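Novice: Pasting a structure below so you can have a look.
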Amino acid sequence: MIVTQARHAWTLSKLASFFEGAGAYEKMALHGYYSMRIHMWDAEYGGFYQIRNRVGGMSDVNGWRNEKRAYGNAFGIYALAALYHQTGNSEVLEFAQEAFRWVEDHSFDPKGGGYFEFLTREGKPFDSSSEYKTIASDKNELGLRTRTRPFICSKRTPSCTTCGNRRCCERNSNGCSFLSGTRWCRKKDR
């Protein structure tokens, strides 16, 4: 599962920064990175699969098959950021940026703001009213995360520190959006 693998890589990256001569932790974190890159990343469509088998093939555990989740992809990005911070490895940074762009391009909801949680292998959002039907164990959450009520948006987000926009989770004429409670201005960074 991408969330578990990413948590391990993140934890090992953080441990490596706490201990002098902690090369073993860094080496294990890099092993986690390669596992995420080789086994968890979809080489054809991009994005992290929710779950894979031991050799990187499709797994029907919990019915996730080839589906993807924004939550799992966010954990992957989080782990890659921690590993890059620890190692300065440009390959890790480039992969983190690729994963971030994939989430922005496939999961962002331009109509309602926020991000769609449930994605097909091709990166197409789906909910309980979609033609695509999931059999995954988390399908009961489909009604909670629909096109009209994205799951990340918090209407109490403060204004952007770069452009001053006070609207939450929304792309607008200033090109500003908010990600997971972190202030991030598209006007500044793109």
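Computed from the coordinates by the stated procedures, all read-outs in this text should not be read as laboratory data. Computed from a predicted structure; not experimentally measured. With ideal geometry, Cβ positions are generated from the backbone for all residues, glycine too; neighbour counts draw on all protein chains shown.
Novice: What aspartates and glutamates sit close enough to residue 111 to cross-link, taking a C-alpha to C-alpha distance under 19 Å and skipping anything fewer than 8 places away on the same chain?
Specialist: 127, 170
Novice: What number does segment 1-131 give for Rg over Rh if you use C-alpha atoms and the Kirkwood radius?
Specialist: Details: Rg = 15.1 Å, Rh = 15.0 Å.
Using Cα coordinates only, the ratio equals 1.01.
Novice: Exposure proxy check: 1, 36 ranked by fewest other beta carbons within 10 Å?
Specialist: 1, 36
Novice: Under a cut-off of 12 Å between alpha-carbon atoms, report the aspartates and glutamates in cross-link reach of residue 133, not counting same-chain residues fewer than 8 places apart.
Specialist: Partners found: 67.
Novice: May I ask you to sort 124, 27 by Cβ crowding, counting other Cβ atoms within 10 Å and putting the fewest first? Before the final figure, lay out each step's value.
Specialist: On the way: 124 15, 27 11.
Placing the least packed residue first, the sequence is 27, 124.
Novice: Counting other C-beta atoms within 10 Å, which of 92, 55, 3, 61 has the fewest, and how do the rest follow?
Specialist: 55, 61, 3, 92
Novice: If you put +1 on each Lys and Arg Cβ and -1 on each Asp and Glu Cβ, how big is the dipole of segment 1-99 around its Cα centre, in Debye rounded to 20?
Specialist: 300 debye
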